[in-house]
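The next block holds one structure in the form of structure tokens; read it before the comments.
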Amino acid sequence: MSSAVLAFEDGSVYRGKAFGAKKTVLGEAVFNTSMMGYQELLTDPSNYMNILVMTFVEIGCYGTNGCDSESGAVMVSGIVVAQDCEVPSNWRSTESLGDYLKKSGVPGISGIDTRTITRKIRMQGALRACLSTEDISDGEAVNLAKSWSGIVGSNFFAYTTCKQAYHFDDSIEKIKPFELGGVHINTRQRTLPLFKCAAIDYGAKRSLLGSLAYSGFDITVFPAEVSAEEIVEFAPQCVFLSSGAGDPSAAPQAVSVAAKLMEKYPLMGVGFGHQIITHALGAKTYKLKFGHHGGNYPVKNLETGKVKITSQNHTFAADAKSIENSGAIVSEINISDGTVEGLRHKDLPLYSVQYHPESAPGTPGGAYPFDVFYNMVKNNS
């Protein structure tokens with residue numbers, strides 16, 4: 001059995017079994033509470049430069065396949081699990097998690113107590129870390145972890161965005177809910193008529209764009225560093241700012257573009273896009289102690305009083321105090337810690353949420369965010 005090492009900037013070291021690729025990587029260690037969807041998490045651009053610590057005991061049970069990826073590549077630096085399943089069992093599986101990671105050049109470590117690591121991160125905050133499946137010493141691993149610059153002040157657009165504009169259609173993603181034969185979970189038809197939407201890709205998940213399209217939008221996706229003039233020339237009926245990775249304060253061009261576009265078009269942001277809108281309004285964001293990563297985060301709509309359970313994956317959050325004089329209103333908050341989960345503008349057709357609307361475990365508990373955006377665009381057409 002090959003050995004792997006996980007080392008943190010505080011000097012703590014964990015040894016376990018190596019799986020996946022033979023490689024040494026750096027990143028920010030964050031714990032994720034999701035019980036399933038590991039392939040989606042691995043390929044979510046929002047997880048770029050994250051070393052995922054999965055809190056669920058066994059990961060890899062149903063293998064991986066060619067349909068569930070959220071992007072064209074594995075985006076995480078590495079993955080940490082208590083136990084990896086070497087022999088998956090599922091009719092959709094085409095290869096094991098270990099083989100999938102090996103093919104993607106991403107290392108993993110298993111056989112360690114992820115509960116202890118999760119507790120460490122909760123107590124100390126997200127930590128710079130080194131994960132290696134190569135033959136390096138504990139001291140080398142700790143020094144590498146300490147040497148990494150971290151996420152604060154980092155712009156990852158070069159790694160997370162599309163390279164050129166494209167039209168999002170059935171040749172890229174089926175614009176309908178996930179289906180299994182003989183099971184009818186969602187029978188609602190695609191919302192019509194379609195509105196012409198310019199989506200700026202900071203690191204959008206395929207399911208995010210698919211859900212937006214299904215809710216009544218004809219989407220053309222633009223790279224993160226698109227200019228406001230290019231969007232105006234495209235003449236959309238609305239603009240969407242996607243999720244993504246990195247520090248929103250390190251993306252001044254994106255903030256400037258959003259500030260210009262919000263004066264011209266109905267605009268919605270999700271995740272990183274919500275944070276860009278926060279800065280475009282003249283407000284601020286800050287880095288959370290250990291972020292929100294996983295499912296079952298309760299979010300309350302302050303205007304309706306309704307609560308819904310959400311899926312989230314973010315490291316930064318909007319600063320509520322700085323929003324007070326921005327012209328925006330905090331519309332939703334996280335019940336657990338009071339962080340800002342939604343914004344709307346007093347005068348402009350502007351709306352954003354921090355959580356992921358396309359991931360809706362449990363009862364929705366309120367209006368579906370993409371439907372809110374659709375009605376906003378409809379009322380401004």
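If the stretch 301-346 were replaced by its equivalent ellipsoid, with semi-axes equal to the square roots of 5 times the Cα gyration tensor eigenvalues, what would those be, largest first, whole Å? Provide the component values of the computation, followed by the final result.
Values: eigenvalues 63, 40, 14 Å².
After diagonalising the Cα gyration tensor, the semi-axes are 18, 14, 8 Å.
Relative to the compact-globule scaling 2.2 N^0.38 Å, provide the ratio for the alpha-carbon radius of gyration of the stretch 248-381.
Values: Rg = 13.8 Å, N = 134, 2.2 N^0.38 = 14.1 Å.
Rg over 2.2 N^0.38 Å, computed on Cα atoms: 0.98.
Of the beta bridges DSSP finds with both residues in the chain, what % are antiparallel, to the nearest 5?
Numbers: 45 of 75 bridges.
If we restrict to bridges inside the chain, about 60 percent are antiparallel.
Can you run phi through the Karplus equation (6.51, -1.76, 1.60; θ = phi - 60°) for the stretch 149-166 and list ³J(HN,Hα) in whole Hz, with x for Gly and Pro?
Residue by residue, the stretch 149-166 yields 6, x, 8, 4, x, 9, 10, 10, 4, 4, 10, 10, 9, 5, 8, 8, 5, 8 Hz.
Between Ala4 and residues 5 or more places away or on another chain, which pairs have amide H atoms under 5 Å apart, with H built 1.01 Å from N, and which residues are they?
Residues meeting the criterion, in which the H sits 1.01 Å from N, are Gly16, Lys17, Ala18.
Of Lys22/Lys163; Lys103/Lys146; Lys120/Lys287; Lys103/Lys163; Lys120/Lys321, which pairs sit farther than 20 Å apart, going by alpha carbon to alpha carbon? Present the calculation step by step, with values, prior to reporting the outcome.
Values: Lys22/Lys163 29 Å; Lys103/Lys146 28 Å; Lys120/Lys287 18 Å; Lys103/Lys163 23 Å; Lys120/Lys321 29 Å.
Those over the limit are Lys22/Lys163; Lys103/Lys146; Lys103/Lys163; Lys120/Lys321.
At R0 = 25 Å, how high is the FRET efficiency between Arg15 and Arg119 if r is their beta carbon distance? Nearest 0.05 is fine.
Numbers: r = 18 Å, r/R0 = 0.73.
That gives a FRET efficiency of 0.85.
What order, most packed first, do the peptides 42-55, 334-347 have when packing is the mean number of other Cβ atoms within 10 Å of each residue? Mind dumping the intermediate values first?
Values: 42-55: 25.4, 334-347: 17.2.
The most tightly packed comes first, giving 42-55, 334-347.
For the stretch 1-81, report the convex hull volume of the alpha-carbon atoms normalised per residue, in Å³, without decimals.
Working: hull volume 8.7 nm³, N = 81.
Hull volume over Cα atoms, normalised by residue count, gives 108 Å³.
Listed highest first by mean packing, meaning other Cβ atoms within 10 Å per residue, what order do 372-378, 133-139 come in?
Working: 372-378: 19.7, 133-139: 15.0.
Ranked from most to least packed, the peptides come out as 372-378, 133-139.
Cα gyration tensor of the stretch 157-379, axes a ≥ b ≥ c as square roots of the eigenvalues: rounded (a/c below 1.5), prolate (a/b > b/c) or oblate? Before the final figure, lay out the partial values.
Working: a/c = 1.42, a/b = 1.06, b/c = 1.33.
Here the stretch 157-379 falls in the rounded category.
May I ask for the angle, rounded to the nearest 10°, between helix 138-147 and the longest principal axis of the chain, with both axes built from Cα atoms and the value confined to 0 to 90°?
20
Between rounded, prolate and oblate, where does the stretch 3-147 land on the alpha carbon gyration tensor, with a ≥ b ≥ c its root eigenvalues, rounded for a/c under 1.5, else prolate if a/b exceeds b/c? Don't jump to the answer; show the numbers that get you there.
Values: a/c = 1.69, a/b = 1.58, b/c = 1.06.
Because a/c hits 1.5 or more and a/b exceeds b/c, the stretch 3-147 counts as prolate.
Quick one: work out the % antiparallel among DSSP beta bridges in the stretch 157-379, nearest 5.
Working: 24 of 42 bridges.
Looking only at bridges with both residues in the stretch 157-379, the antiparallel portion is about 55 percent.
Viscosity 0.692 mPa s, temperature 37 °C: Stokes-Einstein D of the chain from its Kirkwood Cα radius, in µm² per second?
155
Coordinate-derived values only; no laboratory data. Given the structure is predicted, the values throughout are model-derived calculations rather than measurements. Counting neighbours? That spans all protein chains shown, and the Cβs are built from the backbone with ideal geometry, glycine included.
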